[in-house]
Each structure stands twice: as C-alpha cells, then as structure tokens.
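All remarks here apply to the structure that follows.
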Amino acid sequence: MVVSGLKTLYYIAVVLPSPVADAVRTLQHRAHTAYHSRAALRSPPHITLQPPFRQPLDQVANLKQVLAEFASVYLPFPVGLNGFGCFLPRAVFVSVVENQMLSTVRHDLIRTLIQNQIVGPDEQPLRIFHPHVTIAFRDLIRCHFKSLWDEVEHKSFADQFTADGITLLQHNGKGWSAETDFPFRQEDADVRA
C-alpha cells in the first residue's frame, strides 16, 4: 500500500551507456578525488531532460505509464560528445554536440509532463536547453573549479553513443539511481496512430 501525500524526488535523463559512461565516470572520479566535487559521483553520467521534481508516491505508476507511452513514439538517435565546457564559476561538463532530435525529445517531454499535470508550467526552467554531461557540480569551490578547468579546458574528449531511451532517476537520500528505463521504439515496431 502506498501512503498518499508522500513525495519522492525524481529527474528524467538520457543515461549514457557503457563504455561512454565509463570514460565520463573516470572524469567524474578525478573531479571527486582531486578537486573535492562531492556530488560528482552521486549520479550516473547523463544528459538531463527534466530537472529534479517531486512526485507523490501514489502517482508514480501514472508517471511511469506516461513516460512509457512518451518514449514509445521515438526512434533511437545518435548523440555526440565533443570537448569540455563550464558554467562559471562552479560546474564543469563534457559538451554535447548540437542535436535537433535531443532538443525535440526534451521539448516534447516537458510539454507531455505539463499536459499530464506531472509538473506545472511554473516549475519549468525558462533557460535555453544546453545539453551537457556534468563531471563536476556546483559544490566545487572557486579555486578547485579554476584548477579543474585549467586541466580540461584544452583537452580532447570526443565520443558518441545511441540514445535508445530515457530514464527516470530517483533520489535515495544520498544520491541518484536509475528507477526505470523507458526504451524508444525499434524501427520495425508499429507506430500507434
């Protein structure tokens, strides 16, 4: 039995598959150990589509149904990673190559979440979508940020993977873990009218 009223924290992302995730995890581990980004290892390598939001436990089944139906409309698509970027003065990330399909999925996902009253329109960030894979989070102090940025700014990092679905991640009190994966449809699957 699910107790009504209790809420859990979730976010929705494209989670990187191995071996790409392993390469990013190595960078996150370095940010954690050498530059004290405590949050660097608290979430799997991912591209956030919907930032953290609270969902009542008695509505999680509905959320999962909405996400399953949403994902079933899209085909897998390639995603490229190239170089590093930062949000001054505290976050460092692997840059995602501009990708119209990723932007479309994100836009449609937010619209779907609002239409299904999972999130309100006022909960959506008004900033432009800037897809990235964070390696060091806002918990970096400025001197560590500068040192890490100096280390990676001119380094090469290039990889690609196929985004084959979206993932609902849940906060467990200490970090984030994948709750449920929602695969995109395969090319030979029937499309619903």
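The values are calculated or read from the model by the stated rules, or taken from the named source; none is laboratory data. These numbers were taken from a predicted model, which means no experiment stands behind them. Glycine gets a Cβ as well: all are built from the backbone with ideal geometry, and neighbour counts include every protein chain shown. Side chains included, ligands, DNA and RNA excluded: accessible areas come from the protein's heavy atoms. Shrake-Rupley method; radii C 1.70, N 1.55, O 1.52, S 1.80 Å.
Couple of notes before you dig in:
A quick yes/no check of all residues on (1) closer than 18 Å to Ser95 by Cα; (2) among the small types (Gly, Ala, Ser); (3) modelled with pLDDT under 95:
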{"position": "Gly120", "(1), (2), (3)": "no, yes, yes"}
{"position": "His130", "(1), (2), (3)": "yes, no, yes"}
{"position": "Val133", "(1), (2), (3)": "yes, no, no"}
{"position": "Cys143", "(1), (2), (3)": "no, no, yes"}
{"position": "Asp164", "(1), (2), (3)": "no, no, no"}
{"position": "Leu169", "(1), (2), (3)": "no, no, no"}
{"position": "Lys174", "(1), (2), (3)": "no, no, yes"}
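- Single unsatisfied condition, Val20 versus (1) surrounded by 14 or more Cβ atoms within 10 Å (Cβ to Cβ); (2) modelled with pLDDT under 95; (3) more than 17 Å from Trp176 (Cα to Cα): (2)
- Residues satisfying the stated conditions in segment 27-37, i.e. part of a helix (DSSP H, G or I), under 14 Å from Val92 (Cβ atoms) and open to solvent by 20 Å² or more (accessible area, probe 1.4 Å): Leu27, His29, Arg30, His32, Ala34, Tyr35
- Boolean, Arg54 is in contact with a helix residue (DSSP H, G or I) (Cβ under 7 Å, 6 or more places away or on another chain) and among the basic types (Lys, Arg): no
- Leu140 vs. criteria closer than 29 Å to His36 by Cβ, hydrophobic (A, V, I, L, M, F, W, C), open to solvent by less than 40 Å² (accessible area, probe 1.4 Å) and part of a loop (DSSP other than H, G, I, E, B): yes
- Among the candidates Val105, Val94, the residue that is hydrophobic (A, V, I, L, M, F, W, C) and farther than 18 Å from Phe184 by Cβ is uniquely Val94.
- Matching residues, segment 176-187, being part of a loop (DSSP other than H, G, I, E, B) and surrounded by 13 or more Cβ atoms within 10 Å (Cβ to Cβ): Phe184, Arg185
- Counting the residues of segment 63-106 that are over 18 Å from Lys155 (Cβ atoms) and of a type in the set (Val, Ile, Thr) gives 5.
- Set side by side, the residues Phe77, Phe93 differ, and just one is touching a helix residue (DSSP H, G or I) at 6+ places or on another chain (Cβ under 9 Å), more than 14 Å from Ile12 (Cα to Cα), modelled with pLDDT of 95 or more and among the aromatic types (Phe, Trp, Tyr), which is Phe77.
- Within segment 69-90, residues that are farther than 30 Å from Leu148 by Cβ sit with their Cβ atoms under 7 Å from residues that are open to solvent by 30 Å² or more (accessible area, probe 1.4 Å) and part of a helix (DSSP H, G or I), at 6+ positions apart or across chains, in these pairs: Phe77/Met101.
- Restricting segment 97-134 to residues that are open to solvent by 20 Å² or more (accessible area, probe 1.4 Å) and assigned to a strand (DSSP E or B) leaves a set whose member that is nearest to Ala31 (Cα to Cα) is Thr134.
- Segment 44-76, subset among the hydrophobic types (A, V, I, L, M, F, W, C) and part of a strand (DSSP E or B), residue surrounded by the fewest Cβ atoms within 10 Å (Cβ to Cβ): Phe53
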